[in-house]
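Below: one structure, written as structure tokens.
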Amino acid sequence: MMGIHSPQKELFSYHIDLDQRVRADHPLRRIAAAIDFSFIRNEVADCYGYNGNESVDPVILLKLMFLLFYDDIASERELMAISAERLDYLWFLGYGLDDKIPDHSVLSKARARWGQEAFEGFFIRTVAQCVAAGLVDGKKLHVDSSLIAAHASRDSVVKSSPELIAALKAAYQAQESKLAEASTAAAYPAVNDRMLSTTDPDAPVVRKNNEPSRPAYHHHRGVDDAHGVITAVETTPGTIAENKKLLDLLEQHESHTGRAAQTVVADSKYGTAENYVACQQQGMTTHLGDVLGKQNHERQRAGIFPDSAFIYHEPDNTYTCPAGQVMKPRRLHPWKRTWEYTLPQGVCAGCALRAQCTRSKTSRTMHRHEHQELLDRARTQAHSGAGRADQRRRQTVMEGSFADATNNHGFKHSRWRRLWRQQIQDWLIAAIQNIRLLLSRAGKNRSAGAAALKVLRLEQSFTSWLDFLCSQPCGRSAEHEFS
């Protein structure tokens with residue numbers, strides 16, 4: 001049965017009033033005034049029965065998990081230990097000095113009982129509040145990702161055949177279902193099927209740059225350009241490439257803000273033909289890093305005709321090579337979606353320009369995407385002045401968002417194990433960052449409004465004073481005094 005805590009002042013508690021002990025400008029006061037945590041009761045009401053022992057109020061549980069990441073406290077045990085010592089925490093939770101702080105185990109039980117939806121809803125509500133406060137423009141979205149070190153050591157990784165690894169994963173899922181805990185949905189393909197962490201089977205082993213390989217998750221994030229509000233978040237195993245989640249983040253952004261992005265900004269890892277074409281088909285401006293141009297440049301060899309030397313004819317879908325021969329399409333690649341153009345082997349073998357055209361033993365081959373016009377338009381936008389400016393700004397917006405999460409909220413390391421718990425962590429951290437932005441920008445807006453009101457009052461006072469002078473009888477008119 002779900003319990004509801006009613007904060008009341010104690011009759012006898014050494015005459016200590018927490019309202020007087022917590023300063024008026026304390027950050028938790030502003031958070032309590034701006035954020036309605038009581039929504040969680042309706043969200044999780046179906047998770048509780050109607051008789052039996054009363055639980056801890058879900059509002060208190062959500063606030064405790066909020067404090068865990070807000071102040072980046074080392075563990076839930078430490079959170080419960082210091083909550084009884086900090087008057088601001090007690091005031092924020094609605095507790096008195098004589099109230100008993102719950103055991104740390106209630107937090108893990110609440111996460112398992114509520115599921116991910118409650119925490120995703122909390123994050124979405126913060127986005128909605130930022131939209132209502134005018135902090136989200138919605139027209140330009142920055143996208144990036146970051147690896148999160150799983151709560152599992154490299155020593156927990158076992159290596160074996162794909163068949164044995166698959167059997168181990170199935171055994172872990174069966175054991176988890178017996179414990180009545182949520183399991184990871186089988187929605188992500190297994191990339192590394194020869195290695196498994198026995199501590200956290202959901203975290204595949206990945207390597208970044210020259211660092212040692214270790215179990216990790218991938219955090220994908222979309223940030224609005226106006227004030228850095230996080231509007232889209234997705235968590236996947238570490239082996240899921242970042243470019244695969246661009247369209248999902250754009251869809252999330254539109255769903256959460258009610259505004260479709262007109263420009264998308266990301267680094268070269270997202271500049272794939274698939275992303276370019278998909279964004280152009282939706283009418284978006286693509287300021288993505290041009291990995292395609294880099295690959296084409298690397299394919300060019302010294303002394304060999306570049307691709308630009310071949311002339312494309314749209315009406316019959318053919319190319320004309322520098323020797324004047326017509327190259328016809330041979331096939332459409334099934335997953336690259338590119339047409340392949342070539343000439344018969346005998347034609348190239350007897351060509352006088354062969355040495356300048358190809359090093360192949362057969363013939364020169366040309367490739368063209370089935371939506372090449374959209375691809376060319378997208379790459380032109382990426383190399384434009386506005387595109388380069390957005391790429392520079394992306395470093396400030398995205399790297400600043402990740403740095404803030406890392407330095408203040410323990411973003412780079414998982415607190416818990418399994419993918420669904422990591423999703424909860426990412427939603428909580430993103431929600432906290434949005435709340436901090438909401439409060440900081442609201443303070444600036446209030447200051448600007450107060451300054452404008454002060455100027456308006458000065459103008460009104462000056463006008464009243466001028467009207468008074470003009471109404472006074474004197475030898476010279478007031479208008480003459482100011483002429």
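In segment 122-139, whose amide N lies under 20 Å from the spot 7 Å out along Cα-to-Cβ of residue 408? List them in ranges.
Hits in segment 122-139 for residue 408 at 20 Å: 122-137.
Out of residues 5 or more away from residue 148 or on other chains, whose amide H comes under 5 Å of its own, with H placed 1.01 Å from N in the peptide plane?
Residues meeting the criterion, in which the H sits 1.01 Å from N, are 217, 218, 219.
Provide the per-residue ³J(HN,Hα) series for segment 383-394, in order, calculated from phi with Karplus coefficients 6.51, -1.76, 1.60 and θ = phi - 60°, each as a whole number of Hz, with x at glycine and proline positions.
Result, ordered by residue: 8, 6, x, 5, x, 5, 5, 5, 5, 5, 5, 4 Hz.
Direction-averaged shadow area of the convex hull around the Cα atoms of segment 1-150, nm²?
Numbers: hull surface 46.7 nm².
Across all orientations, segment 1-150 yields a mean hull projection of 11.7 nm².
Within 10 Å, count the other beta carbons around each residue, average over each peptide in 329-337, 247-255, 92-100, and list them highest first. Provide the component values of the computation, followed by the final result.
Working: 329-337: 10.8, 247-255: 18.7, 92-100: 16.4.
So the peptides 329-337, 247-255, 92-100, ranked by packing, come out 247-255, 92-100, 329-337.
With θ taken as phi - 60° and the coefficients 6.51, -1.76 and 1.60, list the Karplus ³J(HN,Hα) couplings across segment 255-263 in order, rounded to whole Hz; mark glycine and proline as x.
Values, residue by residue: 5, 7, 9, x, 9, 7, 5, 9, 9 Hz.
Give the span of segment 211-252's Cα atoms along each principal axis, as three whole-Å numbers ordered largest to smallest.
Projected onto the principal axes, the Cα atoms of segment 211-252 cover 37, 19, 13 Å.
For residue 318, what residues show an amide H to amide H distance below 5 Å, using hydrogens built from the backbone and excluding near sequence neighbours?
Amide H neighbours of residue 318: 313.
Points 7 angstrom from Cα along the Cβ direction at residue 87 and residue 8: gap in nanometres?
A separation of 2.3 nm, rounded to one decimal place.
How high is the FRET efficiency between residue 399 and residue 349 when r is their beta carbon distance and R₀ equals 45 Å, given to the nearest 0.05?
On the way: r = 53 Å, r/R0 = 1.18.
FRET efficiency, residue 399 to residue 349: 0.25.
Around residue 231, which amide H atoms from residues at least 5 apart in sequence, or from another chain, sit under 5 Å from its own amide H, with H modelled in the peptide plane?
222, 223, 224
Separation between the residue 392 and residue 320 pseudo-spin-labels, each 7 Å from Cα along Cα→Cβ, expressed in nm?
It works out to 4.2 nm between the two label points.
Could the peptides 42-50, 406-414, 200-208 be put in order, highest first, of the mean number of other beta-carbon atoms found within 10 Å of their residues?
200-208, 406-414, 42-50
Semi-axes, largest first, in whole Å: what does sqrt of 5 times each Cα gyration tensor eigenvalue give for segment 293-378?
21, 16, 12
Please list, in order along segment 35-52, the HN-Hα scalar couplings obtained from phi with the Karplus expression 6.51 cos²θ - 1.76 cosθ + 1.60 (θ = phi - 60°), rounded to whole Hz, x for Gly and Pro.
10, 9, 7, 5, 4, 5, 4, 5, 5, 10, 4, 5, 7, 10, x, 10, 8, x
Bear in mind that the values in this text are calculations on the coordinates, not laboratory data. Please read all numbers here as calculations on a predicted model, not as lab measurements. Glycine also receives a Cβ, built like all others from the backbone with ideal geometry; neighbour counts cover every protein chain displayed.
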